[in-house]
Structure formats: C-alpha cells, structure tokens
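Structure first, commentary second.
Nothing in this text is a laboratory measurement; each read-out follows from the coordinates by a stated rule. Here the structure is a predicted model, which is why all the values come from computation and not from measurement. Don't worry about glycine lacking a Cβ; one is built from the backbone with ideal geometry, like all the others, and counts go over all protein chains shown.
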Amino acid sequence: MSGPDAQTKMQFLFALRSKGVTDARVLNAMEEIDRGPFVRGIFADRAYEDMPLPIACGQTISQPSVVGIMTQALQVNPRDKVLEVGTGSGYQAAILSKLARRVYTVERHARLVREAQEIFQALQLVNITTMTADGSFGLPDQAPFDRIIVTAAAEDPPGPLLAQLKIGGIMVVPVGQSDAVQTLIRVRRSESGFDYDEIRPVRFVPLLEGLGKDG
Ligand code: SAH
C-alpha cells in the first residue's frame, strides 16, 4: 500500500475543504487513512476523486466529502464509543477509529465485513470491532453509545438506535422516503428527549432488513 503521491493527496484534501470539511481533527484523520485500499478492482485508480464508487455486493463507498461532513457533524471525542451501521468498504469506520476510543461497525453482507476486517488488520486499526448483523437493531450488548452514525438511508431514524444513544449523545443518519434524495440529519439526545437538525441533502443506498445473501 504505497498511497497517493503528494500532489494527489493535496488535491484530495483541498476538495474536502472546499466542500465544507473544516474540522482539523477530521481532516487529519482523513489525511492519515488512505482511501486506496478500500476501493478494490477496476475503480481503484479513482480512489482519490471526490466521488462515491461501487464496491462488492452492489453497494457503494461514500463520497469522501460526505464522509468528512458526516464525521464532522458527529463531533467525536477521543473517549467516545461509536456505533456505525453500514460498514460497506470500512473506510468510514477507519476514519472514526482515529477519532474515537472504540468503533463498533455492523454490516448485513458477510463478504463486506470480511474484506473490511482484512484492511483493518493490515492497517493495525485495533479499536474497530466488526459484526455481521442487521444494524437497524443496533448492538444491545454494547449499548449505550456516545455516537451513532448510519451510512444507509432509513425512512426515519430506527427506534432501537435512538434507544441505544446515551443522554448527551449524537446520531447522524440520512433519512427520506425516496431513494433519489434524502436529508442528512443530526439527532441529539438530552434529558428531556431528542432534538433534530438538518445538515444537507444526500443520497445513500437504503437501509435494508435482515442479512445479505452473498455469504
Ligand atoms: N460506510 C460505508 C458506506 C456504506 S454503503 C463506507 O465507508 O464504505 C451502506 C452499507 O450499509 C452497505 O454496505 C449496505 O449493505 C449496508 N446496510 C444496509 N442496510 C443495513 C442494515 N440493516 N444493517 C447493516 N448494514 C446495512
């Protein structure tokens, strides 16, 4: 894994900044984690473009600037325990691992989990725990979480995930009725309930029920 050359890396970071990723910790984490290994096959040479790209099982690795904006909106602290629903390539989880104490990431396709795990091991990202499961139920055994990030779109924030968010916790999730356009929202849990704010329009693959059939 040689990583991008200096100019490619500079362009990658410039694109992030110009699209609103300004948080220094987030930018550092994104500079540290090479997107290359997470993009396999014929699209590998486009890993440093600010574009979503196809990965196995008909899924996508998110656009880097969207990863940056979501990570920034999550306001992760170094002591936080974070849950990600939708491991996909593992790229988002790898970035979170640089910012949080521990990251649990759940994916319904076993193959994607295996491939992501291989990369985490190669990069020695030892604070990530992967799980093949339907993440809309969260991880009751590990709850509650300081932060929850969902990288697939639901009609509404799933109830079990809201229930597994700590008081003072933050969840970032794309919500919407259609596949074409959704809204990225941030949910904050306080003593008295949940506050919601809209971050921006986004487009994600849908949050599906049950396990994927690829094995
Ligand atoms: N965070 C990923 C992008 C993921 S794309 C990355 O950095 O590459 C969304 C992922 O969510 C897909 O891999 C899809 O299989 C997964 N997914 C959809 N519904 C799910 C569910 N109910 N539980 C767990 N994963 C789910």
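Quick rundown of the values:
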item: Relative contact order (%) - the chain, alpha-carbon pairs under 8 angstrom, separation at least six; result: 16 percent
item: Max mean-square fluctuation residue, GNM over the chain, Cα-Cα springs under 10 Å, options PHE145, PHE194, PHE204; result: PHE194
item: Taking only Cα atoms of region 122-215, radius of gyration then Dmax in Å; result: 14.2, 43
item: Candidates THR129, THR71, THR87, ranked by Gaussian network fluctuation over the chain, Cα under 10 Å, top entry; result: THR129
item: Filtered GluC sites (Glu not before Pro), region 93-160: DSSP coil and at most 15 other beta carbons within 10 Å; result: GLU155
item: Distant alpha-carbon pairs in the chain (separation over 22 angstrom), percent; result: 45 percent
item: Contour excess over end-to-end distance, with Cα ends at GLN177 and ARG114 and 0.36 nm allotted per residue; result: 19.6 nm
item: Computed label-point distance, nm, for sites GLU191 and LYS213 using a 7 Å Cα→Cβ extension; result: 5.1 nm
item: Taking the C-alpha atoms of region 45-163, convex hull volume expressed per residue in Å³; result: 107 Å³
item: Calculated FRET value between GLN11 and ARG200, using beta carbons and R₀ = 30 Å, to 0.05; result: 0.85
item: Of PHE137, PHE120, PHE14, the one that fluctuates the most in a GNM where the chain has Cα springs shorter than 10 Å; result: PHE14
item: Sequence-distant residues sharing a close amide H with ILE61 (under 5 Å, placed H); result: LEU53, ILE55
